[in-house]
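Have a look at the structure below before the remarks.
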Amino acid sequence: MKKNIISIMLLTALAFVAGSCGGDSESDPVPTPEPVPSYLTPGTDVRPTTWTAPSPQDYELWMSLQVQLGDELADYQSSADLVCATVNGEVRAATAPMTTGDIIYYPLTIGGNGGDQTVSLHYYCDRLHRIYTIANWAAFKEGIAPTGESGIYRPCFTESYK
């Protein structure tokens, strides 16, 4: 019985000592959270209704590729997001995200009529209510590898904000 009382007293003292070493003193600096960049704060953009895929008869050439978000926006993806490709401000492709296994990607089939055309990419993030744009992202190239030569295309939509 005496051993039980001593054991209980030792455990109580140990718990008291461990609890008092938690670093709660006023001299310990309180870590400040990193500020959230403005481009990751909610905006006021609405889901674009004009981002629709064009008719196959509208263009004679096609550039098919798959895009994954290549920056911290990947953490904000949802099934309500959209990616759009434009040439000279005209919508040439639009798609919602697709998922294969754990991989989320946006398959784009971009229409063109030849000539030197530059493709711009736009991403609507539904969770942040923001549209991000990469102007003059790539030259229009019929028959390119859909997943890129060294891996899937991963544009960085937030690079211009940094």
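Looking at the stretch 89-119 only, could you name the residues that are under 17 Å from residue 153 (Cβ atoms) and touching a Cys at 6+ places or on another chain (Cβ under 9 Å)? Hits for the stretch 89-119 are 92, 93, 94, 95, 108. Taken over the stretch 93-106, the criterion of being of a type in the set (Ser, Thr, Tyr) and either under 10 Å from residue 67 (Cβ atoms) or surrounded by 20 or more Cβ atoms within 10 Å (Cβ to Cβ) (or both) is satisfied by 95, 105, 106. When the strands (runs of 3 or more DSSP E) confined to the stretch 87-159 are screened for residues that are out of contact with any His (no Cβ under 6 Å at 6 or more places or on another chain) and either under 21 Å from residue 45 (Cα atoms) or touching a residue at least 24 places away in the same chain (Cβ under 8 Å) (or both), those reaching at least 2 such residues are found at 90-95, 103-112, 118-125, 130-139.
Selection of the stretch 107-152 for residues being modelled with pLDDT under 90, under 16 Å from residue 67 (Cβ atoms) and surrounded by 13 or more Cβ atoms within 10 Å (Cβ to Cβ) yields 141, 144, 145, 146, 147, 148, 152.
Checked against the criteria, residue 87 counts as modelled with pLDDT under 95, surrounded by 15 or more Cβ atoms within 10 Å (Cβ to Cβ), out of contact with any Lys or Arg (no Cβ under 7 Å at 6 or more places or on another chain) and under 24 Å from residue 139 (Cα atoms). Considering 78, 64, the condition of being closer than 22 Å to residue 154 by Cβ, touching an Asp or Glu at 6+ places or on another chain (Cβ under 8 Å) and open to solvent by less than 60 Å² (accessible area, probe 1.4 Å) is satisfied by 78 alone.
The lone criterion from (1) hydroxyl-bearing (Ser, Thr, Tyr); (2) over 30 Å from the mean Cα position of the chain (by Cα); (3) at pLDDT 95 or above left unmet by residue 49 is number (2).
The values are calculated or read from the model by the stated rules, or taken from the named source; none is laboratory data. All values reported here derive from a predicted model rather than from experimental measurement. Using ideal geometry, Cβ is built from the backbone for each residue, glycine included, and neighbour counts are taken over all protein chains shown. For accessibility, only protein heavy atoms count, side chains too; no ligands or nucleic acids. Shrake-Rupley method; radii C 1.70, N 1.55, O 1.52, S 1.80 Å.
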